[in-house]
1. Scan the range 64-75 and give yes if some residue there is under 30 Å from residue 171 (Cβ atoms) and surrounded by fewer than 21 Cβ atoms within 10 Å (Cβ to Cβ), otherwise no.
2. Taking residue 124, is it part of a strand (DSSP E or B), touching a strand residue (DSSP E or B) at 6+ places or on another chain (Cβ under 8 Å), surrounded by 15 or more Cβ atoms within 10 Å (Cβ to Cβ) and at pLDDT 95 or above?
3. Within the range 105-117, count every residue that is surrounded by 22 or more Cβ atoms within 10 Å (Cβ to Cβ) and closer than 30 Å to residue 163 by Cα.
4. Check the range 61-82 and report whether any residue there is touching a residue at least 24 places away in the same chain (Cβ under 8 Å) and farther than 25 Å from residue 223 by Cα.
5. Regarding residue 37, is this residue in contact with a strand residue (DSSP E or B) (Cβ under 9 Å, 6 or more places away or on another chain) and in contact (Cβ under 8 Å) with a residue 12 or more places away in the chain?
6. Can you name every residue in the range 188-225 that is under 18 Å from the mean Cα position of the chain (by Cα) and farther than 22 Å from residue 34 by Cα?
7. For residue 58, which of the numbered conditions (1) exposed (fewer than 13 other Cβ atoms within 10 Å of the Cβ); (2) assigned to a loop (DSSP other than H, G, I, E, B) fails to hold?
């Protein structure tokens, strides 16, 4: 039976995207990873074209950024409203966006194999068991040597102050605003690396911000890893 938390998270974001939720400009950490690592260190996209999979693509803002920077972009999201927004934002590649299944174990097989996968602020909405399905799914759809860029919420994030432990590594987060989410927190570097095996870590970083002092840290881990060659 599909876990209730997955449906709750899906319904929350379906409603949010229907109300206009979603960033309109690429986030700073995504731009920096592109400039410093993907483009700067690795020379991507390659002249012959590099294929990027935006897993949890939301309304397509990051997909648009990478498309404009030369990548052949594909995207997937559990929200039908978000996928419709992606298609409208990128009509040139509208057939390259897909609706994810609420249960990660049932996501569709794709013909494409990717040089880069982006999982920005999405995997921590899954339990460790369900995240494992998603990590394996990404691994399966990537070329040997391909690069994974992913983020995870750390226990330094203010959400953790409102978290109650649940089953299978999840926490129920009830914010003062009335918003309720189910989140998987990551405590440290070693735990982060373990969650993304069999990818091999290339860079481990983080990004943080404080918008409202009353809230506190917005700490996220940043993971950049590679699928082993051969």
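The values are calculated or read from the model by the stated rules, or taken from the named source; none is laboratory data. Not measured: the values here are computed from a predicted model. FYI the Cβ positions are ideal-geometry reconstructions off the backbone, even for glycines, and counts take in every protein chain you see.
1. No, the range 64-75 contains no residue that is under 30 Å from residue 171 (Cβ atoms) and surrounded by fewer than 21 Cβ atoms within 10 Å (Cβ to Cβ).
2. It is false that residue 124 is part of a strand (DSSP E or B), touching a strand residue (DSSP E or B) at 6+ places or on another chain (Cβ under 8 Å), surrounded by 15 or more Cβ atoms within 10 Å (Cβ to Cβ) and at pLDDT 95 or above.
3. 1
4. Yes, some residue in the range 61-82 is touching a residue at least 24 places away in the same chain (Cβ under 8 Å) and farther than 25 Å from residue 223 by Cα.
5. In short, yes.
6. Scanning the range 188-225 gives 191, 194, 195, 197, 198.
7. So the condition that residue 58 fails would be (1).
Per-residue answers, yes or no, for (1) part of a loop (DSSP other than H, G, I, E, B); (2) modelled with pLDDT of 95 or more; (3) over 18 Å from the mean Cα position of the chain (by Cα); (4) surrounded by fewer than 21 Cβ atoms within 10 Å (Cβ to Cβ):
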position	(1), (2), (3), (4)
147	no, yes, no, no
164	no, yes, yes, yes
168	yes, no, yes, yes
178	yes, no, yes, yes
